[in-house]
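Down below is the structure, laid out as structure tokens.
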Amino acid sequence: MIEKEHPKISMNRQCELLSIHRSGLYYSPKKISKLNRELR
């Protein structure tokens, strides 16, 4: 999808082409705590 080390197209341009925000590239979901797993 996005190649961070692409030699010709910057990350900004790749994000524009895919209509996504750069901040979304760095998002990683938090793990569910043990308590929340037990409550589910």
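Given just the C-alpha atoms of the chain, how large is their convex hull per residue in cubic angstrom?
Cα convex hull per residue, to the nearest whole number: 92 Å³.
Peptides 1-8, 12-19 ordered by packing proxy, namely the average of other Cβ atoms within 10 Å per residue, highest first: 12-19, 1-8.
Every number in this text was worked out from the coordinates using simple rules, so none of it is lab data. Here the structure is a predicted model, which is why all the values come from computation and not from measurement. All Cβ positions, glycine included, derive from the backbone under ideal geometry; neighbour counts span all protein chains shown.
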